[in-house]
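Student: Here's a structure for you.
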């Protein structure tokens, strides 16, 4: 006798119903878990992509000079497209914690400038550009590139005896001077179409920027025109 009170037919129907409901619940759980995993994976990929960064595009150099000075050179790019330009920034920095009165020496390792007329600048530094890769060993054999236009320059030359630097600063008074306020000894040159010898952009290839101060410091920065 069936003590449950259910007929065999009814009992079989109940068992089948329980199995079907359990299967549907299991499928729903699996589908939800799969969707959650896919969504999480997509989020991680998006986050990783947004955090990727490019390496710095310029170059910064600090070269020790005489009398506690440093020549600091920076560029905004090491690769430029044809017709583009590279900006070079220079400064002379006094590393001493006291005022530093430095006499002019004119001990240039190579001829440099900040513009087409050398006698109109009082900064004790400048640049030159050479084709290819040059360094201190082969500088004298390098091929200099004319980066400044040919212009008529004034005949006068300002007398400069030296520089009176402020402590740990690029601020200085150009000597001789009476009552002058210290100002930054900084300079900037754009190397590109406007500064090439015939108003044409530099041709594709590698170049060397040579920066120098008048106490013998030399810095070499390389860039390429693509």
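The values are calculated or read from the model by the stated rules, or taken from the named source; none is laboratory data. Source: prediction; values computed, not measured. Don't worry about glycine lacking a Cβ; one is built from the backbone with ideal geometry, like all the others, and counts go over all protein chains shown.
Student: Of the residues that sit in the range 198-224 and are in contact with a strand residue (DSSP E or B) (Cβ under 8 Å, 6 or more places away or on another chain) and at pLDDT below 90, which one is surrounded by the fewest Cβ atoms within 10 Å (Cβ to Cβ)? Before you say what the answer is, go through the steps one by one.
Tutor: Taking the range 198-224 as the starting set, the residues that turn out to be in contact with a strand residue (DSSP E or B) (Cβ under 8 Å, 6 or more places away or on another chain) are 201-215, 217-224.
Right, trim to at pLDDT below 90 and you get 201-203.
Values: 201: 17, 202: 25, 203: 11.
That would be 203.
Student: Still on this structure, I have one more. Does the range 143-167 hold any residues that are modelled with pLDDT of 95 or more and within 19 Å of residue 73 (Cβ to Cβ), and which are they?
Tutor: Scanning the range 143-167 gives 163, 165.
Student: Is one or more of the residues making up the range 176-187 free of Cβ contacts under 8 Å to residues at least 12 places away in the same chain, surrounded by fewer than 16 Cβ atoms within 10 Å (Cβ to Cβ) and in contact with a strand residue (DSSP E or B) (Cβ under 6 Å, 6 or more places away or on another chain)?
Tutor: Yes, the conditions are met somewhere in the range 176-187.
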